[in-house]
Each structure stands twice: as structure tokens, then as C-alpha cells.
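Read the figures in this text as sums done on the coordinates, not as results from a lab. Quick caveat, the model's predicted, so the values are computed rather than measured. Cβ placement follows ideal geometry from the backbone for every residue including glycine, while neighbour counts extend to all protein chains displayed.
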Amino acid sequence: MTTASRGQRLIGRIEGCAAAALMFITALTFTSVFTRYLFVAPIPDAFDISRLMMGIMIAWGIATCGFRDDHIQMDALWSVLGPRGKRALDLFATGVSLFFMALFTWTLARRVWIVYATGEKTFDVALPIWPFYLVAWVGIGLGALLLLARLWMLAASREIARTSPEELL
């Protein structure tokens with residue numbers, strides 16, 4: 001198995017986790033609304049659980065966004081630069097993104113520990129919320145690792161940046 005196919009499988013699994021979280025949120029919201037109108041009894045903590053799952057979905061979605069260079073970007077400066085300037089700007093932008101994603105990973109790790117230590121729980125069924133924070137932290141940590149991989153691949157490549165990571169592998 002090649003490195004590219006392993007990378008593609010990893011990316012697919014990460015995106016699958018984000019998609020599974022979105023499907024869970026959708027099913028939970030639909031079911032809660034349905035039971036509220038049909039039985040006048042919504043699912044307890046449905047709002048809190050869906051809110052926490054939304055954080056997981058976003059964190060795991062962000063993980064692949066930087067690696068694939070699929071995030072929102074403004075190309076006004078990049079488009080007027082020459083090949084070396086484009087490469088330098090892409091390396092700089094990826095490095096800045098990596099710095100802030102690593103900072104986010106560290107900050108969220110501290111938050112996971114604080115939520116665990118304080119024993120925060122949901123209101124209705126007293127479900128501990130630290131596992132949700134932990135899963136979101138893993139997604140953000142994967143995002144930092146994938147940005148590091150992208151930066152390494154961009155630095156090792158002789159191509160102008162803005163090629164897909166699959167082409168760099």
C-alpha cells in the first residue's frame with residue numbers, strides 16, 4: 001500500500017467521523033422534534049448533546065480542511081505573485097495556520113482537563129461532557145498533525161504550492 005493511499009484512507013476516515021457526527025445531530029434533532037410534537041416529550045438533553053456533537057463535527061471537519069487547502073482564502077495577493085512568491089506565501093500561510101492550530105490543540109487540551117476536573121454534566125440526565133470535549137480535542141489535534149504534514153510536503157516539493165496534497169505524496 002502506498003503512502004498516498006494510506007493518506008487518502010486516513011483523510012476519508014476523518015471526514016467520515018465528521019459526517020457521522022452530522023448524521024447523529026440530524027437524527028437526534030429530528031427525533032426530538034418528532035417526540036415533542038407527537039408525545040409532548042422531547043428527548044432529554046437533546047439540545048446539549050447536539051451542541052456538543054456540533055463541536056465534534058466542526059473539529060473533525062477542520063482537521064482535513066487545512067491539509068487539503070479547502071478553506072476559505074483570498075487570492076488577491078497570491079495571484080499577482082510569481083512562482084517563488086506563491087510558494088513562499090503558501091509556506092508562510094501553512095506555517096501560520098499550523099501555529100494557531102497547535103495553539104488551539106494545546107488550549108483545548110487544557111479545557112478538556114478543566115471540564116473533567118470540575119465534573120461538568122448536562123442538565124437533564126447528568127451526562128458528563130468531558131468525553132465530548134476529548135473527542136473534539138482529538139479532531140483538532142489531527143488537524144494540527146495534518147497541517148504539519150502539509151507543511152513538510154510543501155517544503156519538500158519543488159512545485160509551486162497550491163497543488164493538492166495527493167500530488168505531493
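Distances between placed amide hydrogens fall under 5 Å for LEU127 paired with THR122, all partners being 5 or more residues away or on another chain.
Dipole of the chain computed with +1 at Lys/Arg Cβ and -1 at Asp/Glu Cβ about the Cα centre; of THR105, PHE30, PRO128, farthest Cα towards the positive end is THR105. Computed about the Cα centre, the dipole magnitude for the chain is approximately 340 debye when only Lys and Arg (+1) and Asp and Glu (-1) carry charge, each at its Cβ. 3J(HN,Hα) along segment 30-38, derived from phi through the Karplus expression 6.51 cos²θ - 1.76 cosθ + 1.60 where θ = phi - 60°, amounts to 4, 5, 5, 5, 4, 5, 5, 7, 7 Hz, with x in place of Gly and Pro. Note on ALA88 and ILE72: the extension gain reaches 3.9 nm, defined as 0.36 nm multiplied by sequence separation minus the Cα-Cα distance. Considering only PRO44, ILE114, CYS65, the residue lying farthest towards the positive end of the dipole of the chain is CYS65, judged by Cα position with unit charges set on Cβ. Which one is right for this structure if Rg and Dmax of the Cα atoms in Å is calculated from it: (1) 16.7, 54; (2) 19.7, 64; (3) 17.1, 63? Answer label, from the structure shown: (2).
Against the longest alpha carbon principal axis of the chain, how many degrees, from 0 to 90 and to the nearest 10, is the axis of helix 46-68 turned? Between helix and principal axis, roughly 10 degrees. For LEU81 and LEU103, what is the calculated FRET efficiency with R₀ set at 30 Å and r taken between the beta-carbons, to the nearest 0.05? So, using R0 = 30 Å, E works out to roughly 0.65.
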